[in-house]
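Below: the structure, in structure tokens.
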Amino acid sequence: MRLQDKVAIITGGGSGFGAGIATHFAAEGARVVVADLNGAAAENVAAGIARDGGTATAVTADVTARADVEAMVAAATGTYGGLHILVNNAGYSHVNKPMTEVSEDEFDRVFAVNVKALYLAALAALPALRAQGGGCILNTSSTAAIRPRPGLTWYNGSKGAVNTLTKSMAVELAPDRIRVNAICPVIGETGMLQTFMGQEDTPEIRARFVNTIPLGRMSRPADIAAAAVFLASDEADMITGACLEVDGGRCI
């Protein structure tokens, strides 16, 4: 198994891409901390992993609150004795609409969850990763950072920041043997789908988005999880600073 005995934290692990990543990591032998603002959802994912023979614990955490992030890391090190992999997956978006109609509170929340959370996670997790002699950070970005869609301007900008931060972190942390990469999913079949669409999820509206993806479908949690397992594994030991497009050709 590619992640045998690794300890991994996945934020936003209670649903969508995060749940897929947590489940796949556990199947590959990782001991997983499922962190989510929705504690019940995190518990459900952790319980499912345990039923399948994996090892997981759930933590309720707001990734924009420093105390919660510190507690999340402490749960990993206290329960499993260390930390090898941090997946900054929790994300937030305003509804698809004109940029001037996004409220200041919405703007602040987008940048708090998508950008500030990476800062807080680094402060809390780097000592633990360094203590292990290195490790891996994965940031869930988006094709919005590369080929932005209208109506999501401030969300697009937050994910552009994620890509730049990923590359800068990779350079700065390379001497510590901490690899930092990002995954850029195309619009996915998750609970945030209708937010990105900005309208009801009907077959006609969905087809309009699918038609922009050359491979002819949206991304799924399993797609993102497969990429995450590879980037977190020793097979990717020479890969850092990459922003991997898992997008069915959307960014071509």
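Can you give the Rg/Rh ratio of segment 158-252, where Rg is from the C-alpha atoms and Rh is the Kirkwood radius? Don't skip to the end; give the middle numbers.
Numbers: Rg = 15.5 Å, Rh = 14.8 Å.
Here the Rg-to-Rh quotient is 1.05.
Lysines near K6 by alpha-carbon distance under 25 Å, same-chain residues fewer than 8 away left out - which ones?
Straight-distance partners of K6: K167.
What lysines sit close enough to K97 to cross-link, taking a C-alpha to C-alpha distance under 20 Å and skipping anything fewer than 8 places away on the same chain?
In chain and number order, the partners are K159.
Can you give the convex hull volume of the alpha carbon atoms of segment 19-133 per residue, in Å³?
Details: hull volume 12.6 nm³, N = 115.
Cα convex hull per residue, to the nearest whole number: 110 Å³.
Of the peptides 11-22, 172-183, 197-208, 136-147, how do they stack up when ordered by the mean number of other Cβ atoms within 10 Å, highest first?
11-22, 136-147, 172-183, 197-208
What is the distance in Å between the Cα centroid of segment 126-171 and that of segment 61-78?
19
To two decimal places, what compactness ratio does the chain give when its Cα radius of gyration is scaled by 2.2 N^0.38 Å? Show your work: numbers first, answer last.
On the way: Rg = 17.1 Å, N = 252, 2.2 N^0.38 = 18.0 Å.
Relative to the rule-of-thumb radius for its length, the chain sits at 0.95.
Rounded, prolate or oblate for segment 34-81? Axes are the square roots of the Cα gyration tensor eigenvalues, ordered a ≥ b ≥ c, and the cut-off for rounded is a/c under 1.5.
Oblate.
Modelling each spin label as a point 7 Å along the Cα-to-Cβ direction, I'd like the A50/R147 distance in nm, to one decimal.
Each label point lies 7 Å from its Cα, and together they span 4.3 nm.
What number, rounded to the nearest 500 deg cm²/dmol, is the helix-based mean residue ellipticity at 222 nm of the chain, given -39500 (n - 2.57) per DSSP H run of at least four residues and division by all its residues? Walk me through the intermediate numbers first.
Details: 9 runs with 109 residues, N = 252.
The helix-only estimate for the chain comes to -13500 deg cm²/dmol at 222 nm.
Read the figures in this text as sums done on the coordinates, not as results from a lab. Since we're looking at a predicted model, the values are computed, not measured. Please note: Cβ atoms are built from the backbone with ideal geometry, for glycine as well, and neighbour counts cover all protein chains shown.
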